[in-house]
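Structure, as structure tokens:
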Amino acid sequence: MAAEEEVKSKKRLKRPSKDHLNFVIAVSAVLISAASFIATYIQSEASLNQVKAETWPYLQVEHGNVNDDLNQEIYFHLENVGVGPAKVKSFRIKLQDRYLNDAYHLVELVFDEGGTLSCESNNCLFTNTVSPKILPQGDVLKVFSLFPDEQNLPLWYTLNTVRWRLQPEACYCSLLDECYETNFDTEPTPVEECKIAPKQEFARS
């Protein structure tokens with residue numbers, strides 16, 4: 001009886017084999033490595049998302065008939081209200097489903113009063129190239145503007161009405177090449193890349 005108890009005790013006190021210990025150590029090392037990889041991945045994703053948030057551009061258009069100096073001026077502006085620079089890849093303006101080449105094309109389509117543009121005292125049609133261009137955070141790009149004078153007053157009033165019917169579209173990217181399309185009525189839509197149609201672009205350089 002005593003001999004049987006001694007055998008059972010020895011069985012209970014039997015140490016794990018070397019192979020078993022090596023297996024446990026190997027599995028533990030794999031689990032630790034996996035946990036470390038997951039933690040690094042999560043940290044990397046968090047850092048990337050933070051960088052994306054810190055470089056996120058957001059374009060808006062603004063138009064009006066009185067400038068900041070309270071002077072009469074028809075203007076159409078593109079503004080970056082995001083937190084990072086915007087790489088403007090494409091910018092288009094439609095009027096009645098027709099894409100405009102530039103501000104002078106707009107004038108040709110809407111101005112039928114027989115008048116002429118006057119550039120006296122710098123009161124003329126001001127235009128600017130829009131794309132491709134980098135628009136820093138907080139910057140405003142004047143797409144076109146017109147100050148009124150005696151000669152172009154009919155055009156000024158015409159543009160003051162027509163500006164509400166202009167339909168701008170744009171595609172722009174962040175510094176990380178995160179790209180977005182927008183019609184400025186709804187939230188920008190992420191896209192893989194900006195597609196450019198040269199014949200539809202407005203004031204492209």
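The values are calculated or read from the model by the stated rules, or taken from the named source; none is laboratory data. Please read these numbers as outputs of a predicted model, since none were measured by experiment. Cβ sites come from the backbone with ideal geometry, for glycine too, and all protein chains shown count toward neighbours. Just so you know, the surface numbers come from the protein's heavy atoms only, side chains and all, with ligands and any DNA or RNA stripped out. Shrake-Rupley method; radii C 1.70, N 1.55, O 1.52, S 1.80 Å.
See the values below:
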read-out: Where Leu176 falls short, out of the listed (1) at pLDDT below 95; (2) aliphatic (A, V, I, L, M); (3) farther than 17 Å from Asp102 by Cα; (4) not in a loop (DSSP other than H, G, I, E, B); value: (4)
read-out: Which numbered condition Val162 misses (of (1) touching a helix residue (DSSP H, G or I) at 6+ places or on another chain (Cβ under 7 Å); (2) at pLDDT below 90; (3) outside any loop (DSSP other than H, G, I, E, B)); value: (2)
read-out: Search result, residues across the range 86-99 that are touching a Lys or Arg at 6+ places or on another chain (Cβ under 6 Å) and crowded, with 19+ Cβ neighbours inside 10 Å; value: Val88
read-out: Flag for Glu181 being acidic (Asp, Glu), open to solvent by 20 Å² or more (accessible area, probe 1.4 Å) and not in a loop (DSSP other than H, G, I, E, B); value: yes
read-out: Any hit, the range 126-133, residues being part of a strand (DSSP E or B), open to solvent by less than 80 Å² (accessible area, probe 1.4 Å) and farther than 13 Å from Val88 by Cα; value: yes
read-out: Criterion violated by Val83 - all others in (1) assigned to a strand (DSSP E or B); (2) open to solvent by 50 Å² or more (accessible area, probe 1.4 Å) satisfied; value: (1)
read-out: Given (1) outside any loop (DSSP other than H, G, I, E, B); (2) buried (at least 20 other Cβ atoms within 10 Å of the Cβ), number of the condition Pro148 does not satisfy; value: (1)
